[in-house]
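To start, the structure itself, in structure tokens.
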Amino acid sequence: MRVILLKDIKGFGKKHEVKEVSPGYARNFLIPKKLVEIAAPPAMAKLANDMAMEEAEEKIKQNLLEKNLNDLSEKTIILKENANDLGHLFARIHQEEISDAIKNEFRLDIPAEFIVIDEPIKALGKFNIKVGVGGKETTFTLVVEKKE
């Protein structure tokens, strides 16, 4: 029986793939858990439409991210963190924190997965941070100061 995957299934396949499975496995497990639907002609047409829409949305998202990269270039972001007297942070800075700081300070939406940190940030100071989307890359300065 041919089925269309509605979700990514680890070890089985990715969303929107068409797979051949045994009828019992499909009817007793996959369909009741809403992991697949039968690959009938209307479902295949819907799949093609969904994939085209997702591709268009991804292209729009990519263009917006590239515009945000241009706006972020050469900017400086200041983060205030808890640190000891020697300048060592109590917790390292993660990409999510940097992404949130960009959103709060510049109102630019840069997802954390596109922020590249070469080495963990565990101390106070200035750091050059790379952001890469597609083939474009830019850098900005992150200043980590002690929270008073």
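The values are calculated or read from the model by the stated rules, or taken from the named source; none is laboratory data. Keep in mind it's a predicted model, so treat the numbers as computed, not measured. Virtual Cβ from ideal backbone geometry, glycine too; neighbours counted across all protein chains shown.
Per-structure values
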quantity	calculated
Of all residues making up segment 95-145, the number that are within 17 Å of Ser73 (Cβ to Cβ), at pLDDT 90 or above, in a strand (DSSP E or B) and of a type in the set (Gly, Ala, Ser)	0
Single residue of Lys130, Lys147, Lys122, Lys126 found to be surrounded by fewer than 14 Cβ atoms within 10 Å (Cβ to Cβ), among the basic types (Lys, Arg) and in contact (Cβ under 8 Å) with a residue 24 or more places away in the chain	Lys147
From Leu69, Leu5, Leu35, Leu47, residue being out of contact with any Pro (no Cβ under 8 Å at 6 or more places or on another chain) and at pLDDT below 90	Leu69
Conditions (1) farther than 23 Å from Glu55 by Cβ; (2) surrounded by 11 or more Cβ atoms within 10 Å (Cβ to Cβ): number failed by Met44	(1)
Selection within segment 19-41 - assigned to a strand (DSSP E or B), surrounded by 11 or more Cβ atoms within 10 Å (Cβ to Cβ) and free of Cβ contacts under 8 Å to residues at least 24 places away in the same chain	Lys19
Search result, residues across segment 68-87 that are without any contact (Cβ under 8 Å) to a residue 60 or more places away in the chain, out of contact with any Leu (no Cβ under 9 Å at 6 or more places or on another chain) and surrounded by 10 or more Cβ atoms within 10 Å (Cβ to Cβ)	Asn84
